[in-house]
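The structure appears right after this line, and notes come after that.
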Amino acid sequence: MLEARELSFSRGARCVLEHVSLSAQAGELTMIIGPNGAGKSTLLGLLSGYLRPSGGSVRINGLTPQRATARQLARVRAVVEQQPGWQAGLTVSELVLMGAYLSPGGQHYCRQAMRLAQCEPWAERRLESLSGGERQRAHLARALLQLLCSSETQRFLLLDEPTAALDFGVADALMAQIRQLAQSLSLGVVAVVHDINLALRHADRVLLMADGRGAAFGLPAEVMQKSRLEALYGVRLAELVSADELIRAFVPLQAE
């Protein structure tokens, strides 16, 4: 299990995050949503171990990220940042293989990771020839390879804005695929997203954040209430429901 309890984080005198808690399970997709500046990416940085909390704690399979070695952390969690770095001249397969540093035999899983991330056809293409969304899939494959090389029974994939470079149709398909990967590989996935409808459609659990705090955490149907979202985002919403397919969606309304 990945568990955060009463996490707080400050930059100088400014409190960025205050008393935020969540838990994530293997096999589930947990999404973090909220307005700009709510602290979503900061929270992900704390969960990954890239940032040290001012208060509270994070545990991943019993490990405290700030006290674990890089190798110990790499066995239980992989991270794809919003704008991950990449080096011109590398091919997709070369980038993906960087996830195999845990195991000399990791090359065995390289093609599998690329198939899972749906980027195998680009294996020999150079990164600079790819679109932003295609590069994001290559980094997803790298992270998947890292976790496939691990013998841990519970592994977690942390994603910061994985759909930022994608239009809605592609983003929707990618989140559906990520949820399927969580289930089929028994991964716990925690993803920061901006689009509330992606969370409504695909998340198993949702953390709604506002002003550096957790406003609500739980099942999407419980957390994502129209009145709560309108108050949080400061916009009127129309809630569309398809009775045939039991699909809900929120659409912003023009100001009157």
Any residue at all in region 196-212 that is acidic (Asp, Glu), within 14 Å of the chain's Cα centre (by Cα) and at pLDDT 90 or above? yes
Based on this model, can you work out whether ARG59 counts as free of Cβ contacts under 8 Å to residues at least 40 places away in the same chain and surrounded by fewer than 21 Cβ atoms within 10 Å (Cβ to Cβ)? no
For region 99-126, how many residues are under 11 Å from ARG142 (Cα atoms), among the hydrophobic types (A, V, I, L, M, F, W, C) and at pLDDT below 90? 1
Neighbours by Cβ (under 9 Å, 6+ apart or cross-chain): first from region 127-143, under 17 Å from MET175 (Cβ atoms) and modelled with pLDDT under 90; second of a type in the set (S, T, N, Q) and surrounded by 22 or more Cβ atoms within 10 Å (Cβ to Cβ): GLY133/THR163; GLN136/THR163
Restricting the first residue to region 75-96 and requiring it to be over 15 Å from TYR109 (Cα atoms) and touching a residue at least 40 places away in the same chain (Cβ under 8 Å), which pairs with a second residue that is of a type in the set (Val, Ile, Thr) and crowded, with 16+ Cβ neighbours inside 10 Å meet a Cβ separation below 6 Å and a spacing of at least six or different chains? VAL76/ILE60; ARG77/ILE60
Output the residues belonging to region 52-63 that are basic (Lys, Arg) and either closer than 26 Å to ALA164 by Cβ or assigned to a loop (DSSP other than H, G, I, E, B) (or both). ARG52
Options THR30, THR91, THR69, THR64: the member that is of a type in the set (Val, Ile, Thr) and within 30 Å of GLN225 (Cα to Cα): THR30
Any chance region 33-51 includes a residue that's modelled with pLDDT under 95, more than 18 Å from the chain's Cα centre (by Cα), in a loop (DSSP other than H, G, I, E, B) and more than 30 Å from ALA221 (Cα to Cα)? no
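The values are calculated or read from the model by the stated rules, or taken from the named source; none is laboratory data. Predicted model only: the values in this text are computed from it and were never measured. Please note: Cβ atoms are built from the backbone with ideal geometry, for glycine as well, and neighbour counts cover all protein chains shown.
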